[in-house]
Each structure stands twice: as structure tokens, then as C-alpha cells.
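Undergrad: A single structure is presented below for examination.
The values are calculated or read from the model by the stated rules, or taken from the named source; none is laboratory data. Every value quoted in this text rests on a predicted model; they were computed, and no experiment measured them. Ideal geometry is used to build each Cβ from the backbone, glycine not excepted, and the neighbour counts take in all protein chains shown. Surface areas here come from the heavy atoms of the whole protein model, side chains and all, with no ligands, DNA or RNA. Shrake-Rupley method; radii C 1.70, N 1.55, O 1.52, S 1.80 Å.
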Amino acid sequence: MSKAINETKVLLTNVRLSYPNLFEPKGFEGQEPKYSASLIISKDDKAALKVIKQAIENAKAKGIEDGVWKGNKLPANLKTPVRDGDEERSEDDVYANAYFINANSKYAPAVVGKTKDRSTGRAIELGEDDVYAGCYVNVTVNFYGYSAAGNNGIAAGLGNVQKEADGENLGGRSSAESDFDFEEVDSDDDFLL
């Protein structure tokens with residue numbers, strides 16, 4: 001279940017991953033390269049939406065307290081990171097009945113599975129083939145205020161990512177398992193002898 005980690009940092013659970021740049025930073029139109037992802041949250045996930053709303057309110061208060069905005073007050077044109085998929089991506093069924101947040105970071109997120117290595121106690125890291133557009137993830141996001149080039153708002157900082165479950169690949173790629181027929185064998189069978 002999604003929850004607050006602190007005033008501005010949240011753990012979002014079982015959200016759909018889209019446009020993932022988790023393993024190599026990318027820059028657009030001359031911008032600094034960053035790690036990023038679009039996080040799709042069902043409008044039915046009231047618990048996640050409540051946690052996000054509270055963290056954004058806390059980020060607004062912290063932005064005022066830290067003097068992020070001129071006059072230490074909330075700007076009238078403040079942008080927030082939560083976007084409505086039905087309005088902004090109406091042509092894409094994946095975003096139907098959903099909100100989405102575009103989160104990014106200068107720093108590479110840890111991208112892990114749900115298991116730890118017994119010998120080290122560390123989470124087992126996953127690769128690009130494991131975590132893809134369309135899978136479901138748990139992710140930490142930190143909300144913070146910004147003021148740059150006349151734009152004022154609350155941004156979403158991408159934290160660590162944990163794969164929760166597979167989902168239909170949004171990149172149009174299919175898996176080998178869906179393309180071919182296979183014979184099943186136990187992985188511990190020594191059939192090469």
C-alpha cells in the first residue's frame with residue numbers, strides 16, 4: 001500500500017511504468033541528461049492519491065519556508081506534477097482513468113526485484129530486460145518546490161524502483177514466450193549428459 005515516508009517523500013505501490021529511462025540518463029532539447037519515468041496511477045487508487053496530495057501540500061509549505069518562491073509565498077501560477085491522463089493523453093488507452101507523474105533525477109535509481117541475496121543481505125538488481133514500459137513497480141518519489149526561468153511549481157524527484165509485476169509491454173515488443181511454443185523442463189534437470 002502506498003504510504004508517506006516523510007513529509008515530502010512517498011512510496012507508491014503497484015503503479016504502471018511508462019517511458020522508463022532508469023539505466024541511462026537522457027536529455028531532451030539541450031537539457032541536462034536525467035534518469036526519468038512516467039508513473040501511471042489509477043484514479044481508483046484513493047490511498048495513493050491521498051498520500052501524493054498530502055506530500056505535495058507539504059512540499060508547498062516547505063517551499064515557502066525555504067524561500068523557493070519570491071516573497072516567500074505561493075505563486076499564483078504554481079504547476080503541480082500530477083497530470084490527468086484522460087485530459088492530456090486521451091488518445092492513449094493506457095492513461096484512461098489514470099493520473100500520471102513524470103519523475104526524474106540526476107542520480108541513477110536502484111532498480112531491484114523483490115528478493116535479497118542471502119549472503120549479502122542486499123536487494124538483487126534488475127536490468128533493462130526485466131523492467132520495461134508496461135510493468136508494475138513500487139517507487140519512491142520526493143516532491144519539492146522549484147523556481148526556474150519564470151516557471152514555479154512542485155517537481156517529482158525519482159527515487160528507487162522495485163519491480164512488482166509484469167504487464168503488457170507498452171513499447172510494442174512481445175516476449176519470446178508469447179511468440180513461440182516451448183517444451184517445459186525443470187531447470188535442475190541435467191539433460192546435456
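Undergrad: Just how much of residue 141 is accessible, in Å², when a 1.4 Å probe is used and the result is rounded to the nearest 10?
TA: Spelled out: residue 141, probe radius 1.4 Å, area about 0 Å².
Undergrad: Would you please name the trypsin sites (Lys or Arg not before Pro) within region 59-164 that are DSSP coil residues with at most 13 other C-beta atoms within 10 Å of their C-beta?
TA: Within region 59-164, the qualifying trypsin sites (Lys or Arg not before Pro) (loop, at most 13 other Cβ atoms within 10 Å) are 73, 106, 118, 122.
Undergrad: Still on this structure: Sequence-distant or interchain residues sharing an amide H contact under 5 Å with residue 112, placed H: which?
TA: 126, 161, 162, 163
Undergrad: Quick check: the angle from helix 46-65's long axis to the longest principal axis of the chain, C-alpha only, nearest 10 degrees?
TA: Once rounded, the angle reads 40 degrees.
Undergrad: While we're here: From the cross-link list 73/106; 60/116; 60/114; 79/114; 43/163; 26/50, which pairs have alpha carbons spaced over 29 Å apart?
TA: Beyond 29 Å between Cα atoms: 60/116; 60/114; 79/114; 26/50.
Undergrad: Summing +1 for each Lys or Arg and -1 for each Asp or Glu, what net charge is found among the other residues whose Cβ lies under 13 Å from the Cβ of residue 62?
TA: Result for the local shell: -2.
Undergrad: Let me ask another. How much accessible surface area, in Å² rounded to 10, belongs to the heavy atoms of residue 90 with a 1.4 Å probe?
TA: 90 Å²
Undergrad: Quote the relative contact order of region 79-181 in percent (integer), defining contacts as alpha-carbon pairs under 8 Å separated by 6+ residues.
TA: 28 percent
Undergrad: Going by the alpha-carbon gyration tensor, a ≥ b ≥ c the square roots of its eigenvalues, is region 76-159 rounded (a/c under 1.5) or, if a/c is not under 1.5, prolate (a/b greater than b/c) versus oblate?
TA: oblate
Undergrad: When only the heavy atoms of the protein chains count and the probe is 1.4 Å, how do 95, 136, 144 rank by accessible area, highest first?
TA: 144, 136, 95
Undergrad: Same structure, new question: On the accessible surface of region 1-114, probed at 1.4 Å, how many percent belong to carbon and sulfur atoms?
TA: C and S fraction of accessible area: 47 percent.
Undergrad: Per residue, how large is the accessible surface of the chain? Use a 1.4 angstrom probe and give square angstrom.
TA: 65 Å²
Undergrad: Sum up the charges of everything whose Cβ sits under 15 Å from the Cβ of residue 144, counting Lys and Arg as +1 and Asp and Glu as -1, but leave residue 144 out.
TA: Around residue 144, the charge tally is +2.
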